[in-house]
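Only one structure is covered here, and it is reproduced in the block below.
The values are calculated or read from the model by the stated rules, or taken from the named source; none is laboratory data. Just so we're clear, the structure is a prediction, and the values are computed from it rather than from any experiment. Don't worry about glycine lacking a Cβ; one is built from the backbone with ideal geometry, like all the others, and counts go over all protein chains shown. Quick note on the areas: whole protein, heavy atoms, side chains included, nothing else; ligands and nucleic acids left out. Shrake-Rupley method; radii C 1.70, N 1.55, O 1.52, S 1.80 Å.
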Amino acid sequence: MTEIFLFNTLERKKTQLIPQNPKRVTMYVCGPTVYNRAHIGNMRPAIVFDVLFRLLRHTYGADHVVYARNITDVDDKINAAALAEGVDISVITRKYTEVYHQDIQSLNVLLPNLEPRATAHIGEIIALIQKLIDEGHAYTAEDGVYFHVPSMKNYGRLSGRNLEDMQAGARIEIDEKKKNPADFALWKAAKPNEVSWDAPFGAGRPGWHIECSAMIEKNLGQTIDIHGGGHDLIFPHHENEIAQSECAHGGATLANIWMHNGFLNFGSEKMSKSLGNVLNIAEITATFKPEAVRLAMLSAHYRAPLDWNDDLITQSTKTLDRLYRALENVWLDNVEAIAPQALIEALCDDINTPQALAVLSELVKNANKAQNDVDKKQALAELKGVGALLGILQLTPDEWFNDKPKDDDLNARIDALVAERTIARAEKNWGRADEIRKELAELKVEVKDGADGATWRFL
RNA sequence: GGCCUCGUGGCGGAGUGGUUACGCAGCGGAUUGCAAAUCCGUGAACCCCAGUUCGAUUCUGGGCGAGGCCUCCA
């Protein structure tokens, strides 16, 4: 078995993945807060960790990986959205959870094993907070419960900061209710018009970080193998998760490996809702195919920033055209996927998808050169193997090339032109044949003269 | 201000202490009535300066430039 190395934010270097239990490899990734539609930047972790999920399943067996990706379904923005529309928060969260599912499904993202929601874990959250209070790591204030950061001696390890630095930084607001400016909310006391739950320390709702700690403990255990999320979650979110969990668990490590994906940039600036420079899937797939979006995401290494623009997706589309053409050339029924070793090695090296795509290029050449069924079968099996791990090439070549809306009149017209051209060619009337090619080009149709006659497809 | 990341050919983008991926675009060839596709071949890069080294794009230090986190954020 190829050893898997992953860049661990905690150590700032690649470290070998050594699961605590190879029969139950555990991974937790921070999913969306469902208060409005996710943008494509939010899709990057879904896709990146989907590839890792596929690799883990391939390596340890599909039944031996437990992947949880949470849904945050209670927070300030959700409350604000619900209040604005005059509905219960569940109306908002259900709606956007569904949209999220549709979006990631269109990108070939597998469902995780678990999709825990904060509101379904209020009991666990309360118990965890109570434990932190009991053990002196948290205290009750008039507006809720706070985690007392100085109570943890090695706070800041993940993000590489320490209390003194943070206090020197002018950006932490002084809040009289907190014992220390770095303290953060575990529980926010109930406010009028806001959803709340009863708790021994007063009615309220969970703070941002505590849900992940509680859900990990409940669903995956005290210590998990991999914890992932976007780069901007390192601080404060993941740092605080560590603080809560490890203080509640007598210092037991929350996650052995912490992984963080880089951002999508838009016009060389971070894509973010607050900057307003975002695109969602629907906006992109109006022009491009979703699979091209996925491939574009994988064209750069997951930790590197990726500039998002139309050229990038156009190039990915061209690449997929080439991949599906190769697939078409070797297409046979009932061929099982085989993952090539070179691909496994690329992915095992911190999910090096650009390297994986280089491997894929080699396979495409093999496929295009394959003359007999043995070679074709081998090439097809390997192409499928790559597709299965990267989550691409899941269509038949036919489905890829012919996904334009059907227009019978137009199709009939094109068929007639192609037929006429075939006759012209048979009569060696090249002038007319070329004229028809030109007409077809204006209809965005490409004609190919193959050994078995002319075929056409929409460009 | 504190912490961190990055700077590779026309473009995208890996990687490496010496032989310098891969894709797109370009160029030459094969093939084609013409094309398309495909195959073969080919030119082209490592921000600047200093240091370590026999040798640095790769390591160290400095500089310049870009970006991120420190507040909600994938």
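Data overview
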| item | result |
| --- | --- |
| 10 Å-binned pair-distance histogram of region A:128-260 (Cα, whole percent) | 12, 43, 35, 10, 0 |
| Gyration tensor (alpha-carbon) shape descriptor, region A:5-265, a/c threshold 1.5 | oblate |
| Proximal charge balance of A:I122 [Cβ under 12 Å; K/R count +1, D/E count -1] | -1 |
| Under 16 Å between alpha carbons - lysine pairs in region A:314-459 that sit 8 or more apart or on different chains | 10 |
| Scattering profile of region A:287-401 at q = 0.11, 0.20, 0.21, 0.22 Å⁻¹ [log10 I(q)/I(0), Debye over alpha-carbon scatterers] | -0.34, -1.07, -1.16, -1.25 |
| Cβ crowding within 10 Å averaged over residues, with A:10-22, A:308-320, A:251-263 ranked highest first | A:251-263, A:308-320, A:10-22 |
| Rg and Dmax [Cα atoms of region A:214-301; Å; Rg one decimal, Dmax integer] | 17.2, 53 |
| Sparsely packed GluC sites (Glu not before Pro) within region A:373-459, loop by DSSP, other Cβ within 10 Å at most 13 | A:E427 |
| Antiparallel DSSP beta bridges within chain A, as percent of all bridges there, nearest 5 | 55 percent |
| Region A:231-370: proportion of alpha-carbon pairs further apart than 27 angstrom, % | 41 percent |
| Integer Hz, Karplus 6.51/-1.76/1.60 couplings in order for region A:387-402, x for Gly and Pro | x, 5, 7, 8, x, 10, 6, 8, 9, 7, x, 4, 5, 5, 7, 10 |
| Cα-projected label distance for A:L279 with A:N36, points at 7 Å along beta-carbon direction, nm | 1.9 nm |
| Cα centroid separation - region A:219-270 against region A:444-459, whole Å | 51 Å |
| Percent of C-alpha pairs per 10 Å bin, region A:349-458, short to long | 12, 31, 24, 25, 8, 1 |
| Alpha carbon centroid spacing (whole Å) that separates region A:1-79 from region A:362-441 | 37 Å |
| Computed over chain A, Cα set: Rg, Dmax in Å | 26.5, 93 |
| For region A:1-60, convex hull of alpha carbons as volume per residue, Å³ | 111 Å³ |
| Acute angle (nearest 10 degrees) that the helix A:76-85 long axis makes with the longest principal axis of chain A, alpha-carbon atoms | 70 degrees |
| Sulfur and carbon atoms: percent of accessible area, region A:103-222 [1.4 Å] | 46 percent |
| Difference of contour (0.36 nm per residue) and Cα-Cα distance, A:Q371 to A:Q222 | 48.2 nm |
| Sequence-distant lysines (8 or more away, or on other chains) whose Cα lies within less than 28 Å of A:K178 | A:K77, A:K131, A:K153, A:K188, A:K191 |
| Global geometry of region A:30-127, whether rounded, prolate or oblate, following the gyration tensor of its Cα atoms and the 1.5 cut on a/c | oblate |
| Shape box of region A:408-458 [Cα atoms, principal axes, largest first, Å] | 29, 21, 14 |
